[in-house]
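A.B. asks: Before anything else, here's the structure in question.
Here, each number is a calculation from the coordinates, and none is a lab measurement. None of these values were measured; they are calculated from a predicted model. Here the Cβ positions follow ideal geometry from the backbone for every residue, glycine too, while neighbour counts run over all protein chains shown.
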Amino acid sequence: MMSKPPPPHEIKVRQSPYIALKYPQFVAYMFANSLFTMALLIQEVILGYELYKITHDPLALGLIGLAEALPYISLALFGGHFADRRNKKTILMVSLSVIILGSVILVWATHSSAKLAHEQMLFLIYSVIFLIGLAKGFYSPASSSLNPFLVPIEVFANATTWSSSFWQAGAILGPGLAGFLYAYLGLTHSLWVVTGLLLVVMILISTITAPPIPEQKEEKVNIFKSLKEGIVFVFKTKIILYSISLDLFSVLFGGVIALLPIFAEDILKVGAEGLGILRAAPSVGAILTMFVMVYFPPLNNAWRNLLLAVVGFGLATLVFALSTNFWLSVIALFLTGAFDSVSVIIRQTVLRFFTPDEMRGRVSAVNGIFVSSSNELGAFESGLLAKLMGTIPSVVFGGAMTVIIVSVVWLRSKELFKMKIAH
């Protein structure tokens, strides 16, 4: 039996929509997060396109998500435990070093591609993606749990909007640049760009002062008991459980990102440049919506707004699935990003205000597993269903399932409509 949500929090934020930008370390964090996202998305898009050119198999695209999700899910809870009990900055720097190593291996592999059989190239690509998934199992919880310490609590709703906007900026530029980098620089030189961006991220993180490590009790900490505490907290806090579950199931079923190379190459026939536009369209919609949300936060009637946003995401996915016009497809993807940005702001604000400081790493890890499951496992689900059902029917199925899931949550969470987050 899940407990009722904690009493509503009254949060008073200064009137200036730019208040969070007055904190230099938060600004450094935003830029680092944006460039990190940009780098990994460039890498993801160009590797996905290269794999589809080699295999012409939708499942090969889905396996990219699976190769990253399995190690991430396996380690994220441990990563959250260490983020709560160790120096967050050190965890970020070590994890980032491993990710950079993976990118350098990809540069070497693609430079030597003429000497490698297709099977060897596929093995190397999936192996590096697996390695990056391992590193992200520690990087993501540490990064997410560091963010709340960089601004005062009364500024966090505004900071969430800005950090999400900068994240979306990276998510726009990454896929958009990827298509053009691949077309004009080739695979190997594009991966050099990725490596350079990751090195800049490391420099930015080095300027951030790590928050103090919480004092621990003298007795030896049982790591599995610690992990259980984080999981139990999430499942007992209904507002957190339902908000991250919505993200899990909507993107798990409704996400189409992994299949965009198929739409670009075989359905819309727009090539690598068109793929870049399609891949960037959701993030363009998201960042424009984020800037609107700076002035008009969606925190009044927050639960209702969250559910409406996820329904809009599902309906826009259905439009994309049935479209045969390139620009209509771009608009539909734009709308998926716009609706998702509203839900991101609400979910992150809920996580910030309903999670105790000493549990941020573990709760961030549980949230990260839900997000990773929705994105990476969603990519695998998309590739598998596209192979079994066909590309367009699989996307129609996913959009319809999203709408159905929201309807079920709507009926089961009526008490959450009373939740108020003043701003």
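A.B. asks: Distance check, please: which entries in K269/K387; K136/K228; K88/K228; K22/K418 exceed 23 angstrom between their Cα atoms?
C.D. replies: Those over the limit are K22/K418.
A.B. asks: Still on this model: What nm value, rounded to one decimal, do you get for the distance between L101 and F31 when each label is placed 7 Å out toward the C-beta?
C.D. replies: 2.8 nm
A.B. asks: Mind sorting E265, E273 by how few other Cβ atoms lie within 10 Å of their own Cβ, fewest first?
C.D. replies: E273, E265
A.B. asks: Can you give me the distance in nm between label points at S206 and F235, each placed 7 Å from the Cα along the Cα-to-Cβ direction?
C.D. replies: Modelled inter-label distance: 4.4 nm.
A.B. asks: What distance in nm lies between label points placed 7 Å from Cα along the C-beta direction at K269 and E415?
C.D. replies: Taking the simple label geometry, K269 and E415 are separated by 5.7 nm.
A.B. asks: In whole angstrom, how long is each semi-axis of the equivalent ellipsoid of region 254-358, when you take the square root of 5 times every eigenvalue of its Cα gyration tensor and sort them from largest down?
C.D. replies: Working: eigenvalues 178, 34, 29 Å².
They are 30, 13, 12 Å, listed from largest to smallest.
A.B. asks: How would L322, L351 line up from fewest to most surrounding beta-carbon atoms within 10 angstrom?
C.D. replies: On the way: L322 14, L351 23.
Taking fewest neighbouring Cβ atoms as first place, the list is L322, L351.
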